[in-house]
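Quick notes on the structure that follows.
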Amino acid sequence: MTLLQKAIHPFQAYAHWLHLRWPAGIPEALPEVGSQGETKVSGLRIAGDLRGIPLLKFAADSGAKAVQEFIKEGAFTKKPTDALDLAIIGGGVAGLSAALEAQNSALKFKVYESTEAFSTVVNFTNKKPIFTYPTNMQPAGKLKLSAEIKENLLTELRSQADAKNIDFHIQHVGRIERQQSGFIVHFEDGSYTKAKRILLCTGRSGDHRQLNVPGEHLEKVHNRLFDPNDYQGKNVLVVGGGDTALEAANSLYEANAVVTLSYRGKEFTRPKPENTETTLALDFTKLMSSEVTKIKPESVELTGQQGNLTLANDFVFIMVGRQAPVDFLKRCGINMLGHWSISKAVSFLSVFLAVILIYRWKTEDSEIANIFLSNGWFPYNIDWYEWADSNLFARALQDHVGTPGFYYELVYTLIIIIFGVRRVIRTPTPYIRLQTLSLVLFQLIPLFLLPYLILPLMGELGVFNSGMGGWIADQLFPMNEIGIREYWRAVGLILAWPLFIWNVFTPEPQVLWLIIAVMQTFVIIPWIVYRYGKGAYCGWICSCGALAETLGDAHRAKMPHGPVWNKLNMAGQVILGAVITLLLIRIVGWVFAESALGEASNHWFTQMAYGFSYLGLPLNYSLIVDYFLAGILGLGLYFHFSGRTWCRFFCPLAALMHIYARFSQFRIFAEKSKCISCNACTSTCHQGIDVMNFASKGQAMEDPQCVRCSACVEVCPTGVLSFGSINSKGKVTLDKLPASQVQINEQKI
């Protein structure tokens, strides 16, 4: 091992212990869809499996509700035209539910299906069991679902369609064109139809995923199993580890085929417990941690823990899932999560440049601020001193509110309030209501009103002129060089070191602030994290978290996932190391203030914190971390990479709390028997955590990145996840505050 490898190895071990030991799955590419199926394309909604939840009841519910939303927005109130009111693309469960709702509302509609009605159900394996989760859910609309096996479900769906004379028009849609008056649906045969509104119910009917191995094109290779009895006595290989693969293998075995199941994982984590138990109980070969390397006309080659294998083979069923029809959705103008286009890149660049402009305007000594000042533009055209002689509030505020920084904080606070209300309306769970209220109050009172209104008013009233009040003010809010108290330091009462460093990194030690910082950072926060998790601070108190949970609420699913991005989580540890280095240099400067060592320390601290540059490029902490990473990058990425990029990757306080969180009692517990591996929890996590990987195994989630936002708990369609804690004796205590509608419904039963 080289010296460089020896130096790197401890950091790798630390990174593994802290972050990189956790799973890092990448969510499936799905369209960007709002809570009611709305898309970027006005007038086009999505319902059913394509929204990411493969449940029949949710498909039926979303289909009916999409039509109801169209009606609420007045989509069909215009004068009659030759256009359809509604074109429903996809003749599955969601499509039928939407059709029944449209018929009930007397709309002019048609249902278009590319192959045959209910084709997804038709393609299920014969006698496939049907799971109608959640059992206590009653979908919106007229469609009824009660069947427990494939054949009965088909009969049930067809009979309801026939009873209401719902016709399915067999035509393959090539693309959808948006026009000012509505839409044109272009079919692949060259014909078209017009519609005022479009509802996509196609499901994830894109291409089957491939293994990309030689021989995959052979006729004996299939992606669907219709009748297992066709393969009696044949050597069959099933590839995959999900419900479809296990159900196929089980059915083939029961039909007396010679079955081998190959799965690349060490254990089955994604299937329903019933399927896993059945598979493990049946006496056929299961090759775990194995991969197919080549398919031949009479055999198949695999590699894995058992070494290289060659098996006699008649048929191969590759059942590793399907992917959404990405190309079709892009042709329709619908954005895909994680996919970039020219328009999205232009949008991102525009937002980023706008944020840079705002932050340069906010910085009082910048060239942009000087332009505003010299021209008397906002906020320099507001003269607080004009009212100071006759107005107590004006006298109190005149030195503290006439700057861009004040107006920035005012807008920041208003955004949190406005979008906080919007968040509660979108997700009215008791947890969200209480959490949002906490974030709003912390931002409004101690982080805005206290430094900009309450403390200046107290100063004007003479509270800080003498006595104990004067001593406290001198310790916490000393006078600056022009004789104005630095009330802005009050934010340090909430924003702890090393997130807010400037109350600690003072030219001379401020004893009271040092005591507060030590208590916050090394006593109070560690206890909070130990008891309730890192999210008790990041998700309930911090102003950065407040903006992320309110303004960033609609952008959670945009956070990048995967092992490469997880490695970037360690950037916060590097910044934490830089802050600790600055602290040590600062302490040396204080202790040896009268010596050459003290002068050198003060010089190096000033350079590293404020003034250091290389080849004209500023490399100091203030500009890189406070200005660029926390400000410009943190806010500039909000609408394209989620609102938690600063919190996840770069925040030094979060980095410190990650260490504390490794010893926390907090967990997100999973009831494996309910998990359907839909991946909704992982997709919506704006900290990049692969929640589903924990849930599908029935393991408690303990990734220290979690900020307790409750999004994963709230979006889980079957109520798998719950907040809670586990003590040193292994006793589990679940939170009583409901964080999802499923939990609320279960408490009512």
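Couple of notes before you dig in:
- Of all residue pairs spaced 6 or more apart or on separate chains, those with beta-carbon atoms under 7 Å, a first member in segment 672-688 that is under 17 Å from PRO704 (Cβ atoms) and a second member that is among the acidic types (Asp, Glu) and modelled with pLDDT of 85 or more are THR682/ASP690.
- Within the set GLY539, GLY535, GLY545, GLY552, the sole residue that is closer than 22 Å to LEU444 by Cβ and touching a strand residue (DSSP E or B) at 6+ places or on another chain (Cβ under 8 Å) turns out to be GLY535.
- Among the candidates LEU280, LEU287, the residue that is part of a helix (DSSP H, G or I) and either closer than 23 Å to ILE26 by Cα or modelled with pLDDT of 85 or more (or both) is uniquely LEU280.
- Single unsatisfied condition, VAL300 versus (1) among the β-branched types (Val, Ile, Thr); (2) touching a residue at least 60 places away in the same chain (Cβ under 8 Å); (3) open to solvent by 20 Å² or more (accessible area, probe 1.4 Å): (3)
- Among residues of segment 99-135, those that are part of a loop (DSSP other than H, G, I, E, B), open to solvent by 70 Å² or more (accessible area, probe 1.4 Å) and either in contact (Cβ under 8 Å) with a residue 24 or more places away in the chain or of a type in the set (A, V, I, L, M) (or both), counted: 5
- So SER146, is it among the small types (Gly, Ala, Ser), within 36 Å of the chain's Cα centre (by Cα) and open to solvent by 90 Å² or more (accessible area, probe 1.4 Å): no
- Beta carbons closer than 9 Å, at least 6 apart along the sequence or on distinct chains, pair a first residue in segment 303-317 that is of a type in the set (A, V, I, L, M) with a second that is not in a strand (DSSP E or B) for ALA312/GLU298; VAL316/GLY215; VAL316/GLU216; VAL316/LEU218; VAL316/LYS220.
- Criterion (in a helix (DSSP H, G or I), among the aliphatic types (A, V, I, L, M) and surrounded by fewer than 17 Cβ atoms within 10 Å (Cβ to Cβ)) met by exactly one of ALA600, ALA654: ALA600
Residues are listed down the side, and each one gets a yes or a no for (1) within 21 Å of ARG586 (Cα to Cα); (2) crowded, with 16+ Cβ neighbours inside 10 Å; (3) touching a Gly at 6+ places or on another chain (Cβ under 9 Å):
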position	(1), (2), (3)
PRO451	no, yes, no
GLY459	no, yes, no
GLY470	no, no, no
GLN475	yes, no, no
TRP488	no, yes, yes
ILE494	no, yes, no
PHE500	yes, yes, yes
VAL504	yes, yes, yes
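- In segment 279-288 there is at least one residue that is within 34 Å of the chain's Cα centre (by Cα) and free of Cβ contacts under 8 Å to residues at least 60 places away in the same chain.
- Some residue of segment 337-354 being free of Cβ contacts under 8 Å to residues at least 40 places away in the same chain, within 31 Å of the chain's Cα centre (by Cα), over 28 Å from GLU216 (Cα atoms) and buried (at least 16 other Cβ atoms within 10 Å of the Cβ): no
- Among the criteria (1) in a loop (DSSP other than H, G, I, E, B); (2) open to solvent by 40 Å² or more (accessible area, probe 1.4 Å); (3) in contact with a strand residue (DSSP E or B) (Cβ under 7 Å, 6 or more places away or on another chain), the one THR293 does not fulfil is (1).
- Flag for ASN256 being in contact (Cβ under 8 Å) with a residue 40 or more places away in the chain and not aliphatic (A, V, I, L, M): no
Conditions tested, residue by residue: (1) crowded, with 23+ Cβ neighbours inside 10 Å; (2) at pLDDT below 95.
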site	(1), (2)
PHE522	no, no
PRO526	no, no
TYR537	yes, no
CYS542	yes, no
ALA546	yes, no
HIS561	no, yes
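- Of the residues ARG531, ARG556, ARG586, the single one that is open to solvent by less than 40 Å² (accessible area, probe 1.4 Å), in a helix (DSSP H, G or I), within 30 Å of ALA680 (Cα to Cα) and of a type in the set (Lys, Arg) is ARG556.
The values are calculated or read from the model by the stated rules, or taken from the named source; none is laboratory data. Quantities reported herein were computed from a predicted structural model and do not represent experimental measurements. Note: ideal-geometry Cβ built from the backbone for every residue, glycine included; neighbour counts use all protein chains shown. Protein only, heavy atoms only, side chains kept; ligands, DNA and RNA dropped before computing areas. Shrake-Rupley method; radii C 1.70, N 1.55, O 1.52, S 1.80 Å.
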